[in-house]
Structures are given as structure tokens and as C-alpha cells.
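Have a look at the structure below before the remarks.
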Amino acid sequence: MKGSKYTVCLTGAGVSTASGISDFRTPGKGLWSKVNPIEVTSIQAFQENPARFYQFYRPRIEELQQVSPNQAHHALAQLERAGYLHFLITQNIDCLHKKAGSQRVLEIHGNLDQSICFQCGRKISSRLLLQKIEENDHKIPYCQCGGVFKPDVVLFGEALFNLDEAIDEASKADLFLVAGSSLQVSPANLLPEYSLAQKGNLVIINYMETHLDHKAAVVIHQDVGLFLSALCQYLNLL
């Protein structure tokens, strides 16, 4: 990291679990072990049965109203302020990187801070979205145009936000960090390959094994928050 000219980090759900946010794929614990994501949180499911969609999604939105950044988010923000981390790409939709102070953040799956009308494009805050669900007997948040508000996030079956920019940043990285991601979601899981193609170094910090462990210069199967905090202490940033 000290010798890197351009360091990029990709974060996944494992960065936010210490904030009390459930991840998706941990066997027996992740959200997808309880429901079929295609049946509940795909764009097709939203269009065909928005009431069922919000029955699942409303608790997720309410949950994110209560959470705060943890030591992993703060450590990454500190690394950016100190000039060690140049860009952050996140798969998370919780906005906790920005709340922790990270400035150069690309949310490729969107975020749950706002919602957008699927018909007219009007945007509202997620707090107002929850009010509309409450007003409509805990079911569907309608827009004044008659359309239905959708969380401004990427659902299964939709294209990622700003993928070209993410690829460009990954391609510039001579050091690419993967933090708290099992690298199972495409196309985000391909981003490290763009750095590797330019002879960049790959470091993976994640409890679970990933399909790129064998290509990484360093693999750390530890708690991501503890490790990143220890890294900041080693660099005399804390």
C-alpha cells in the first residue's frame, strides 16, 4: 500500500455486518438462505407483485434508518484521507461509506437513501417512502402520477449503475483491495480482473474463500473491521 500509486477498494456485505446489517450469502445466516431472491427482489417480482416485494424490502429499509458506520467504514475513510486509498467501489446499498466520511465512492448497486417512481422518475427520500407505505395500509407506495416507487437500487435483472466508471477505476489500480466480498455477484466480481490484467496486485480480506484467492498476492481470512483498523494503526493513522 505504501508503494502503490493508485489503490482501489471493492467492498461487499461483509464490511457492513458489524453495523448490524445482515449479509446475503453466509450459509445458514444470509438473507438468501431464507428466501428465493429471484422470486422476491427481482425487477420482475417488483413489477408483478409490489406488495410482496415491499413485504420483504420494507424491513430492510427500516433497518438502514437505524444503523451507523463501523470500524471498517471508518478505517477506509481514514485511508482515503491519508492518501493511501484513491477510490472506493461498493456493492453495498447502505450509504455507510459516505456517512463515515469517504468521498470518492461509487455505489454500483445504488443506495437505499432514496426511491424513484418507476413510471415518471420522481425521486423521494426513503423516509418519505416508508410514510407512503404506512399510509397505504403497509402495502404499496404510490406516486402522485399513479406509478409505484421503487428503491433506487439495482434489483436482480437490472444493469449495474456506473459500471463503465467502475471498470475504468479498476483498470487504473496497481493495488486492488477486496474487502468483505465473497465475489459471487457478477459483474462486480470481475472488477479485480481489470487490475490484474494491468499487472496490479490483488489483496483479498474476507472470511469466506473467493474464486480469485489463487490470483491474490495476499489473502486474509479475518474480520475485515479488525484487520483494516490494525492496518491504520500500523500506518500511524489512528
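I need the full set of residues from segment 106-126 which are polar (S, T, N, Q), open to solvent by less than 10 Å² (accessible area, probe 1.4 Å) and assigned to a strand (DSSP E or B), in order please.
115
Return the pair list, or none, for Cβ contacts closer than 7 Å from residues in segment 71-91 that are in a helix (DSSP H, G or I) to residues that are open to solvent by 50 Å² or more (accessible area, probe 1.4 Å) and of a type outside the set (A, V, I, L, M), at least 6 apart or on different chains.
Filtered contacts from segment 71-91: 80/103; 80/104.
Suppose we filter segment 93-118 for residues that are in contact with a Gly (Cβ under 9 Å, 6 or more places away or on another chain) and modelled with pLDDT under 95; how many remain?
2
Consider residue 53 carefully, then state whether it is open to solvent by less than 20 Å² (accessible area, probe 1.4 Å), under 16 Å from residue 136 (Cα atoms) and touching a strand residue (DSSP E or B) at 6+ places or on another chain (Cβ under 9 Å).
yes
Could you tell me which residue of segment 153-204 is farthest from residue 11 (Cα to Cα), considering only residues that are without any contact (Cβ under 8 Å) to a residue 60 or more places away in the chain and touching a Lys or Arg at 6+ places or on another chain (Cβ under 7 Å)?
Among residues in segment 153-204 that are without any contact (Cβ under 8 Å) to a residue 60 or more places away in the chain and touching a Lys or Arg at 6+ places or on another chain (Cβ under 7 Å), the one farthest from residue 11 (Cα to Cα) is 196.
If you check residue 17 against the conditions, is it closer than 26 Å to residue 129 by Cα and either at pLDDT 90 or above or surrounded by fewer than 17 Cβ atoms within 10 Å (Cβ to Cβ) (or both)?
Spelling it out, residue 17 is indeed closer than 26 Å to residue 129 by Cα and either at pLDDT 90 or above or surrounded by fewer than 17 Cβ atoms within 10 Å (Cβ to Cβ) (or both).
Taking segment 48-70, which residues are without any contact (Cβ under 8 Å) to a residue 24 or more places away in the chain and either among the acidic types (Asp, Glu) or assigned to a helix (DSSP H, G or I) (or both)?
Answer for segment 48-70, where residues must be without any contact (Cβ under 8 Å) to a residue 24 or more places away in the chain and either among the acidic types (Asp, Glu) or assigned to a helix (DSSP H, G or I) (or both): 48, 52, 53, 55, 56, 59.
Mind checking which residues of segment 138-172 are among the basic types (Lys, Arg) and over 21 Å from residue 127 (Cβ atoms)?
172
For residues that are out of contact with any Cys (no Cβ under 6 Å at 6 or more places or on another chain) and either small (Gly, Ala, Ser) or open to solvent by less than 10 Å² (accessible area, probe 1.4 Å) (or both), tally how many sit in segment 56-78.
Of the residues in that region, 6 qualify.
The values are calculated or read from the model by the stated rules, or taken from the named source; none is laboratory data. Bear in mind that the values here come from a model prediction, so they are computed numbers and not experimental data. Heads up, the Cβs are rebuilt from the backbone with ideal geometry, glycines too, and the neighbour counts pull from every protein chain shown. Side chains included, ligands, DNA and RNA excluded: accessible areas come from the protein's heavy atoms. Shrake-Rupley method; radii C 1.70, N 1.55, O 1.52, S 1.80 Å.
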